[in-house]
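The values are calculated or read from the model by the stated rules, or taken from the named source; none is laboratory data. Quick caveat: nothing in here was measured; it's all calculated off a predicted structure. Ideal geometry is used to build each Cβ from the backbone, glycine not excepted, and the neighbour counts take in all protein chains shown. Surface accessibility is based on the protein's heavy atoms, side chains included, excluding ligands, DNA and RNA. Shrake-Rupley method; radii C 1.70, N 1.55, O 1.52, S 1.80 Å.
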Amino acid sequence: AQSVTQPDIHITVSEGASLELRCNYSYGATPYLFWYVQSPGQGLQLLLKYFSGDTLVQGIKGFEAEFKRSQSSFNLRKPSVHWSDAAEYFCAVGDTDKLIFGTGTRLQVFP
Amino acid sequence: DAGVIQSPRHEVTEMGQEVTLRCKPISGHDYLFWYRQTMMRGLELLIYFNNNVPIDDSGMPEDRFSAKMPNASFSTLKIQPSEPRDSAVYFCASSFDGVRGYTFGSGTRLTVV
């Protein structure tokens, strides 16, 4: 069965530091991959998505993610984190007609 | 487009009462999804529809939960009778084809006391 694993439940970084959130997927074909962000009290907002082509995709708010087929990974990165990036981040993979979500990574940012 | 619209934003009800959550998807989206989010269980898919027809309701926790989609622009999730363990945030999402991404609503925070 298709699945998504986010190995880090909680990550803490200092403002201005770089960030990488890990995501591994299990899917037989070329996957559709997504990162969503959920700020406190809000719904999930799409950060970026990968369907095909260039394996490095740019998203909103300065985020990017790289698809690595050999590692079955789609890690999210940001070179310099801002306090407003504190939120929960969900990785997801498309499966036939729906998305399979990971369990999320909560990001805490210290000033 | 106003996005996916959910109502109410907050609902507080007493145990045993009926609760109805509402969702208006984005026009032209053929898929509609209902999710429940709690600290303990994370994000759970309850049910989803394609062209107003329920496709998979295996995530609906109990017979107390039911969902309908009478037309392309409206869906409801009903809990009857409600219990304290139903307290959660319920999200609705819609999608053009399901697999290429969703747009989520802002959610309904349900508290059953």
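When we screen A:Lys61, A:Lys98 for residues that are within 14 Å of chain B (Cβ to nearest Cβ) and either of a type outside the set (D, E, K, R) or in contact with an Asp or Glu (Cβ under 9 Å, 6 or more places away or on another chain) (or both), the only hit is A:Lys98. Note on region A:1-58: enclosed strands (runs of 3 or more DSSP E) holding 1 or more residues that are of a type in the set (A, V, I, L, M) and under 17 Å from A:Tyr89 (Cβ atoms) are A:3-5, A:10-14, A:19-21, A:33-38, A:44-50, A:56-58. None of B:Arg109, B:Arg22 is in a strand (DSSP E or B), in contact with a His (Cβ under 6 Å, 6 or more places away or on another chain) and open to solvent by 40 Å² or more (accessible area, probe 1.4 Å) except B:Arg109. Within region B:82-101, the set of residues being away from every other protein chain (no Cβ under 11 Å), aliphatic (A, V, I, L, M) and assigned to a loop (DSSP other than H, G, I, E, B) is empty.
Cβ-Cβ contacts under 7 Å between residues 6 or more apart (or on different chains), taken from a first residue in region A:5-31 that is within 24 Å of A:His82 (Cβ to Cβ) to a second residue that is of a type in the set (Phe, Trp, Tyr) and open to solvent by 60 Å² or more (accessible area, probe 1.4 Å), are listed as A:Thr12/A:Phe110; A:Ser14/A:Phe110; A:Glu15/A:Trp83; A:Glu15/A:Phe110.
What is the residue count in region A:64-84 for residues that are buried (at least 17 other Cβ atoms within 10 Å of the Cβ), touching a Leu at 6+ places or on another chain (Cβ under 9 Å) and either part of a helix (DSSP H, G or I) or of a type in the set (S, T, N, Q) (or both)?
Filtering region A:64-84 for residues buried (at least 17 other Cβ atoms within 10 Å of the Cβ) gives A:65, A:67, A:73-76, A:78, A:81.
With touching a Leu at 6+ places or on another chain (Cβ under 9 Å) added as a condition, the list becomes A:65, A:67, A:74-76, A:78, A:81.
Restricting the remaining residues to those that are either part of a helix (DSSP H, G or I) or of a type in the set (S, T, N, Q) (or both) gives A:75.
Selection size over region A:64-84: 1.
Taking A:Tyr25 as meeting all but one of (1) surrounded by fewer than 14 Cβ atoms within 10 Å (Cβ to Cβ); (2) out of contact with any helix residue (DSSP H, G or I) (no Cβ under 8 Å at 6 or more places or on another chain); (3) of a type outside the set (Val, Ile, Thr), write down the number of the exception. That leaves (1) as the condition not met.
Can you name the number of the only condition in (1) open to solvent by 40 Å² or more (accessible area, probe 1.4 Å); (2) more than 16 Å from B:Val99 (Cα to Cα); (3) modelled with pLDDT of 95 or more that B:Met39 fails? Going through (1) open to solvent by 40 Å² or more (accessible area, probe 1.4 Å); (2) more than 16 Å from B:Val99 (Cα to Cα); (3) modelled with pLDDT of 95 or more one by one, B:Met39 breaks only (3). Among the conditions (1) under 16 Å from B:Thr20 (Cα atoms); (2) buried (at least 16 other Cβ atoms within 10 Å of the Cβ), the only one that B:Thr103 does not satisfy is (1).
When each of B:Phe49, B:Phe74, B:Phe104 is tested for being at the interface with another protein chain (Cβ under 9 Å from one of its Cβ atoms), out of contact with any helix residue (DSSP H, G or I) (no Cβ under 9 Å at 6 or more places or on another chain) and modelled with pLDDT of 95 or more, the lone residue that passes is B:Phe104.
Output the residue which, of all residues in region B:54-81 that are small (Gly, Ala, Ser) and part of a loop (DSSP other than H, G, I, E, B), is least open to solvent (accessible area, probe 1.4 Å). Can you show your working first?
To start, the set of residues in region B:54-81 that are small (Gly, Ala, Ser) comprises B:58-59, B:66-67, B:72-73, B:75.
Within this subset, residues satisfying the condition of being part of a loop (DSSP other than H, G, I, E, B) are B:58-59, B:72-73.
On the way: B:Ser58: 95, B:Gly59: 26, B:Ala72: 64, B:Ser73: 58 Å².
Looking at the filtered set, the residue picked out is B:Gly59.
Answer with yes or no whether B:Val12 is over 27 Å from A:Asp95 (Cβ atoms), hydrophobic (A, V, I, L, M, F, W, C), over 11 Å from the mean Cα position of the chain (by Cα) and surrounded by 15 or more Cβ atoms within 10 Å (Cβ to Cβ). Outline the logic, then answer.
Details: over 27 Å from A:Asp95 (Cβ atoms): yes; hydrophobic (A, V, I, L, M, F, W, C): yes; over 11 Å from the mean Cα position of the chain (by Cα): yes; surrounded by 15 or more Cβ atoms within 10 Å (Cβ to Cβ): no.
Against the criterion (over 27 Å from A:Asp95 (Cβ atoms), hydrophobic (A, V, I, L, M, F, W, C), over 11 Å from the mean Cα position of the chain (by Cα) and surrounded by 15 or more Cβ atoms within 10 Å (Cβ to Cβ)), B:Val12 does not qualify.
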